Structure formats: C-alpha cells, structure tokens
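For reference, the structure is listed below as structure tokens.
The values are calculated or read from the model by the stated rules, or taken from the named source; none is laboratory data. Every value quoted in this text rests on a predicted model; they were computed, and no experiment measured them. All Cβ positions, even for glycine, are placed from backbone atoms using ideal geometry, and neighbour counts span all protein chains on display. Please note that ligands, DNA and RNA were not included when accessible areas were found on the heavy atoms of the full protein model with its side chains. Shrake-Rupley method; radii C 1.70, N 1.55, O 1.52, S 1.80 Å.
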Amino acid sequence: MKTNDFSKYLSGFFTEYLSSERGVSHNTIRSYSETFAAFLDYMGSMQHVAAERLTLNHLTRKSVVSFLDWLQEQKGSKDSTRNQRLAAIHAFAKYMQYEDVAHLEQWQSILSIKIKKTVKRSVNFLSTEGIKALLEQIPQETRTGRRDLAMIALLYGSGARVQELVDLTPEDLHLDNPCYVTLFGKGQKKRLIPLQGQLIGLLKSYMVENRLDVLSANHQPLFQNNRGGKLTTAGVAYILSQYFAMAKTAHPELFPERISPHSLRHSKAMHLLQAGVNLVYIRDILGHVSIQTTEIYARADSKQKRLALESAYTDVLPEVENKTSWEKDSDLRMWLKSLGKQ
C-alpha cells in the first residue's frame with residue numbers, strides 16, 4: 001500500500017461515498033468525522049504514528065479494538081459512544097471491501113468486531129400536564145420568549161428530532177389549510193407532519209413578528225439566535241434546560257430528574273399512543289424506518305398495558321370469603337473536524 005493511501009481513501013469515503021452516493025445526513029458525517037479524528041489522536045499519542053504517515057496498513061482489527069478500549073479506559077467513553085465509533089469504522093470497512101478487494105480479509109476482520117451490549121434505558125417522556133407546565137414557564141412578553149415558545153411547542157407538536165428542527169426554514173412551514181411542516185430526517189428523507197390547534201396561530205404570529213412570512217426570507221433559518229444565525233442543537237438543549245429547571249421547581253411531581261429535546265419527541269409519541277393512534281402512523285410521524293423502533297413506546301406504556309389487561313380480564317376464580325388486594329495528510333485532522341459543519 002502507498003504511504004498516502006489512508007487519506008486518499010478516507011477522502012473518497014466522505015466526499016464521494018457518504019455525501020454523494022449515500023446522501024447521509026450532516027449529523028452522520030459529523031459523527032463519522034469525529035470518529036476518525038479520534039483515531040488519528042489515538043495513533044499519534046499511543047502508537048506514535050503521525051497523521052501524515054498513516055496508511056491503510058495501520059487500520060487493522062487489533063488497532064481498532066485497541067482504539068475502542070482506549071476510548072473507554074483513557075477517555076471515559078460510554079458503551080454507547082464506543083458503539084457509535086465502531087459503527088463509523090464498520091461503514092469505512094464496508095466501503096473498503098469494494099475499493100481494496102486485494103485486502104478483503106483485513107476489512108472483513110474489522111467488520112467481525114462486535115458491538116457491546118448496552119442496557120436499554122427507559123423512555124424519558126413527560127405527561128400532557130408536564131408539557132403544559134413546561135410551556136407555561138416561557139414568557140410571552142419578550143421577543144425571545146415568543147421565539148422559544150414557538151420553537152419548543154413545534155418541537156413537541158411535530159415530534160421532530162432537534163436537528164430536524166434547527167434545519168427548518170420558513171418555506172418548510174405550510175400554515176394554510178391543510179397546515180403542516182416538512183421535516184427532513186435521516187438520509188434526507190422527507191415527511192409531512194400535520195399541525196393543529198393553537199400551534200398554528202402561534203407560528204403565524206411568530207412568522208409575522210420576525211418578517212419570516214415574506215418570500216425573501218424563505219431560506220433563512222426558521223429559529224435564529226440573537227445574531228440572526230441558525231440555532232444549534234446544543235443551543236436548543238440549553239434553552240429547554242432553563243425552562244425545564246423553572247418548571248421542575250414549580251411542579252416537581254410532574255418531571256423526571258432531567259430531560260433533553262428528544263424527551264419532547266418521546267412525549268409526543270407516547271401521547272399519540274395513549275390517544276389510540278396506530279403504531280404505523282406514529283412510525284410515519286416520527287420518521288422511523290422500522291415499526292420495531294416505534295414499538296419501544298408500546299413496551300414503555302404501562303398504563304396502556306394495564307388497560308389492555310383490564311379490558312380482556314375474565315374472572316375465573318371461585319368466590320372466596322376473605323379477599324386480599326395487590327466523524328491533505330498533515331491537515332487530515334482539521335479536515336475531518338470541519339466535516340458536517342454548516
């Protein structure tokens with residue numbers, strides 16, 4: 001193998017395969033670039049191989065396993081982060097199987113590395129009362145507050161992922177009947193989510209106030225920071241955390257220890273399920289590829305389980321008297337870190 005083959009194939013992986021051929025999301029490209037940036041750090045600090053001297057010969061099953069162990073033992077990464085890094089390397093190995101057939105065994109040995117089993121966490125969601133209490137904390141007398149209310153209400157009302165929310169532009173909102181928002185999910189798959197009730201009026205007012213209802217604003221970010229730029233996912237999480245802290249202080253009984261923007265997505269899914277909406281429709285609203293992903297909500301909803309059992313219950317016991325009750329060589333690292341940024 002040539003001395004510069006690693007950077008050559010890695011460049012092709014990101015710019016041709018992932019972006020053009022696969023059309024993966026910015027999030028995936030960013031995650032994969034972070035993985036290879038971390039691998040360069042590992043090879044430099046632990047194996048003393050500088051980025052400009054790295055070749056495909058260095059990417060072996062042994063080096064990958066050592067890298068993953070280093071992430072956990074030296075960097076404190078969780079099993080889930082380890083699995084994300086392995087998924088990125090697996091994707092590169094799959095790509096290399098066709099680009100470098102002469103070393104097929106090398107790539108297949110990397111692909112044989114197993115992911116670590118992780119403990120499945122329970123779905124973190126709020127009740128409808130919790131959602132109401134959260135939204136009530138947002139001040140409507142300030143421009144920022146009105147932005148935050150429209151943003152968080154839309155995040156919940158559409159069941160959007162936070163990245164889908166920050167990627168929205170005014171042209172993605174259709175506020176004339178029928179009202180809907182166009183979301184672009186993983187792999188840029190498009191879905192139309194109906195909007196209902198007070199949320200429509202709230203969004204119309206927000207659009208007018210911020211002059212986002214004119215044609216020239218169509219490609220601006222729908223939700224902007226104080227400098228007029230696009231909000232980041234971290235920015236949305238921070239804003240949400242401020243109102244969550246206020247709501248939890250006022251109504252501690254309604255809230256878990258912590259939430260994230262994804263908790264609102266979980267909440268929407270649970271509320272749809274509890275309202276009797278079919279899992280197939282919930283899958284389509286959330287943009288899941290498989291119904292099996294959506295089924296976590298059915299498994300998590302103990303109330304639905306109880307009601308189903310109660311409705312099917314037949315008393316077969318006899319009467320008992322006492323009843324009881326119960327992601328250019330030397331610049332490779334910087335290039336990797338720039339991927340996926342907007």
Worksheet item: Can residue 89 be described as closer than 23 Å to residue 27 by Cβ, surrounded by 18 or more Cβ atoms within 10 Å (Cβ to Cβ) and among the aliphatic types (A, V, I, L, M)?
Response: yes
Response to the item:
When every residue in the range 38-51 that is in a loop (DSSP other than H, G, I, E, B), out of contact with any Gly (no Cβ under 7 Å at 6 or more places or on another chain) and among the aliphatic types (A, V, I, L, M) is compared, the one most open to solvent (accessible area, probe 1.4 Å) is 46
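How about the range 21-37: which of its residues are over 19 Å from the mean Cα position of the chain (by Cα) and open to solvent by 20 Å² or more (accessible area, probe 1.4 Å)? Give the steps one after another, and end with the answer.
Taking the range 21-37 first, the residues over 19 Å from the mean Cα position of the chain (by Cα) are 21, 36-37.
Once the filter is applied, which keeps residues that are over 19 Å from the mean Cα position of the chain (by Cα) and open to solvent by 20 Å² or more (accessible area, probe 1.4 Å), the range 21-37 yields only 21.
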Worksheet entry | the range 224-237 residues that are farther than 19 Å from residue 212 by Cα and aromatic (Phe, Trp, Tyr), paired with ones that are open to solvent by less than 50 Å² (accessible area, probe 1.4 Å) and not in a helix (DSSP H, G or I) (beta carbon under 9 Å, 6 or more apart) | none
Item to complete: Answer with yes or no whether residue 83 is polar (S, T, N, Q), open to solvent by 40 Å² or more (accessible area, probe 1.4 Å) and assigned to a helix (DSSP H, G or I).
Response: no
Worksheet item: Here are 141, 105: which of them is surrounded by fewer than 15 Cβ atoms within 10 Å (Cβ to Cβ) and farther than 30 Å from residue 17 by Cα?
Response: 141
Practice prompt. Mind counting the residues in the range 3-20 that are open to solvent by 20 Å² or more (accessible area, probe 1.4 Å) and over 27 Å from residue 232 (Cβ atoms)?
Written response: 5
Discussion item. Return the pair list, or none, for Cβ contacts closer than 7 Å from residues in the range 131-160 that are modelled with pLDDT of 95 or more to residues that are aromatic (Phe, Trp, Tyr) and not in a helix (DSSP H, G or I), at least 6 apart or on different chains.
Written reply: 147/223; 151/223
